[in-house]
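Chemist: Dropping the structure in here first, questions after.
The values are calculated or read from the model by the stated rules, or taken from the named source; none is laboratory data. This structure is a prediction, so every number in the text was calculated from the model and none was measured. We place every Cβ from the backbone using ideal geometry, glycine too, and count neighbours over all the protein chains shown. The area values use the complete protein model at the heavy-atom level, side chains included, leaving out ligands, DNA and RNA. Shrake-Rupley method; radii C 1.70, N 1.55, O 1.52, S 1.80 Å.
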Amino acid sequence: MSDKRIWRVGVAGLGTVGTGLLTFLADRPDFAPAGGRAAVTGVSARSRSRPRPFDISGLPWFDDPVALATSGETDIFVELIGGSDGPAKAAVEAALRAGKPVVTANKALIAEHGAELAALAEGQGVPLLFEAAVMGGVPAVKMVREALVGDDIKSVAGILNGTCNYILTEMEATGRSFAEVLGEAQRLGYAEADPTMDVGGFDAAHKISILAALAFGCAPNYAAAEIEGIESVDLLDIRLARDLGYRIKLVASADRSPDGVLVRVHPSLAPLDHPLAQAGGALNALFIEGTRIGRIFVQGPGAGAGPTAAAVAADIADVMAGAVRPVFQAPAGALSPFTPVDPSKSIGRAYLRLSVKDEPGVIAAVSETLAEAGVSIESFLQKPVADAPDILKGGVPIVLTTHAVAESVLKVAIERIAGLPAVLDRPRLLRIARI
């Protein structure tokens, strides 16, 4: 291959990341260390006339992304449309069948259809790369798939959604409710008009499902992920958790054991002095633990035009360099979905917040009920709260943290506590992050 080769790039999806990529490639067409030049020779999006920060009037326009993917003027197809199905999936499949390398930032597509797309790509002998699908500009995919291939990874866990991290950070810093901060995040562009994928935990679940597949040499199994978002995180719990020395974060985790793999996304408590607790705003952060390397921690911007476009460009550079490797850590034919672990068997520490009648004997009754169920209390806090009458149902809050306990045991204890005459509402459960 000549160093002067022109690589013709077709870009489908011209949102924040797509226009960021166009800007980057226009400014630095010779960016790839292996030589050659990247030239955008076609674009596609839902609207041709929508105002954009990059002038696309001089670029060939394709109404159909499938036509762009299979065009004779496309050497590398970049999919930035989004969504696990529909035009994004159709265009990626068409490009791979046509023997064209594909670069995508689509975490839903890879998490839900990664195994079949890997088989298609490897069958055609072309790369399918998705660095930008996880943690934006932080090279988490390359780190897990390539740099750590010589280790046995036991777990990956971290903050993988900048929108949720921003909302929780602002709720704590300003004392505003979830709804108020979400509205601000939407005005600032941190959250979509329909924020369900982010605040519901689904975006983070897509990303941790991909990391689990890369880390453990299996096919992505998004359907097996246990998912809880941040919609029900109360400002009261943020305050009380801080009084106990914790900060609430949306933590995505994947742990491997002899029984299989447990993939979870939950609001979790992290100690205030822990790196995850200190990753504020829209930052992403990730811990990787291996048997030989011990623990690695990385942190950085998880979204945005610049960081994510840089990750897409890095994948384009790999294609230009002729990099050849399996899409995941093993060839597609050797991948099988991991065996999900029953979450009820998971063991960990927990935070419980109860609303109780202000009367003698309540604490003793709660403690005895927990002890009878096999739950040991680690710490205890009783603090008057004057500004949360609706949440507390007119009662007073009791907050406690437990020692490590099986979730099945904890759930039985919660049911018993909920039945106590002095308890006014079902106890609020949050997990303490195992990090």
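Chemist: Quick one: if you stick a label point 7 Å off each Cα along the C-beta vector at ASP273 and SER408, how many nm between them?
Modeler: Here the answer is 3.7 nm between the modelled labels.
Chemist: Report which label in [x] 18.5; [y] 36.2; [z] 21.6 holds the value of mean projected area of the Cα convex hull in nm² derived from the coordinates of this structure.
Modeler: Computing mean projected area of the Cα convex hull in nm² and matching it to [x] 18.5; [y] 36.2; [z] 21.6 gives [z].
Chemist: Subtracting the Cα-Cα distance from 0.36 nm times the residue separation, let me have the gained length for SER257 to ALA34 in nm, one decimal.
Modeler: Taking SER257 through ALA34 to full extension adds about 76.2 nm, to one decimal.
Chemist: Which whole-number percentage describes the relative contact order of segment 84-203, with Cα contacts under 8 Å and a sequence gap of 6 or more?
Modeler: Details: 101 pairs, mean separation 22.0, N = 120.
Once normalised by length, the contact order is 18 percent.
Chemist: Write down the accessible area per residue of segment 157-310 in Å², having rolled a 1.4 Å probe over the full set of protein chains. Before the final figure, lay out the partial values.
Modeler: Numbers: 5430 Å² over 154 residues.
The answer is 35 Å² per residue.
Chemist: Run through the DSSP bridge list for the chain and note the antiparallel percent, rounded to the nearest 5. Walk me through the numbers before you get to the answer.
Modeler: Working: 48 of 71 bridges.
Of those bridges, close to 70 percent are antiparallel.
Chemist: Given the rule -39500 (n - 2.57) for each run of at least 4 DSSP H residues, summed and divided by the residues of the chain, what is its mean residue ellipticity at 222 nm, to the nearest 500 deg cm²/dmol?
Modeler: Details: 14 runs with 149 residues, N = 435.
Computed ellipticity for the chain at 222 nm equals -10500 deg cm²/dmol.
Chemist: Would you mind checking the tilt of helix 407-418 against the longest principal axis of the Cα atoms of the chain, expressed as 0 to 90 degrees and rounded to 10?
Modeler: Approximately 50 degrees, to the nearest 10.
Chemist: Sticking with this one: Just to confirm the number: angle between the C-alpha axis of helix 86-97 and the first principal axis of the chain, 0 to 90 degrees, nearest 10?
Modeler: The two axes meet at around 50 degrees.
Chemist: First compute the accessible area of segment 87-184 with a 1.4 Å probe, then give the percent of it belonging to carbon and sulfur atoms.
Modeler: Values: 1460 of 2790 Å².
Carbon and sulfur: 52 percent of the exposed surface of segment 87-184.
Chemist: Pairs of alpha-carbon atoms within less than 8 angstrom and 6+ residues apart define the contacts here; what relative contact order does the chain have, in percent? Intermediate results must be reported in sequence, preceding the final value.
Modeler: On the way: 953 pairs, mean separation 71.1, N = 435.
After rounding, I find 16 percent.
Chemist: Label ASP27 and SER177 with points 7 Å out from Cα along Cα→Cβ: what is the distance between them in nm?
Modeler: 4.2 nm
Chemist: Give me the percent of accessible area attributable to carbon and sulfur for segment 248-396, probe 1.4 angstrom. Walk me through the numbers on the way to the answer.
Modeler: Working: 3600 of 6570 Å².
Answer for segment 248-396: carbon and sulfur cover 55 percent of the accessible area.
Chemist: Here's something else I'd like to know. GLU378 versus SER344, label points 7 Å from Cα toward the beta carbon: distance in nm?
Modeler: Each label point is offset 7 Å from its Cα along the Cβ direction, giving 2.4 nm.
Chemist: Could you work out which residue, out of GLY58, GLY125, GLY83, moves most in a Gaussian network model of the chain, that is, has the largest mean-square fluctuation with Cα springs under 10 Å?
Modeler: GLY58
Chemist: Moving on to the next point. Using the beta-carbon distance between ARG416 and SER232 and R0 = 22 Å, what value does 1/(1 + (r/R0)^6) give for FRET efficiency, to the nearest 0.05?
Modeler: Details: r = 22 Å, r/R0 = 1.00.
Efficiency, from the Cβ-Cβ distance: 0.50.
Chemist: What is the Å³ per residue value for the convex hull set by the Cα atoms of segment 1-90?
Modeler: Dividing the Cα hull volume of segment 1-90 by its residue count gives 104 Å³.
Chemist: Suppose the chain between ALA334 and ALA371 were pulled fully straight at 0.36 nm per residue; how much longer would it get relative to their current alpha carbon spacing?
Modeler: Details: separation 37, 0.36 × 37 = 13.32 nm, distance 4.71 nm.
Taking ALA334 through ALA371 to full extension adds about 8.6 nm, to one decimal.
Chemist: If you don't mind, there's one more thing I want to ask. Zone of ARG426 (label point 7 Å along Cα→Cβ, backbone N under 11 Å): which residues in segment 339-379?
Modeler: The answer is none.
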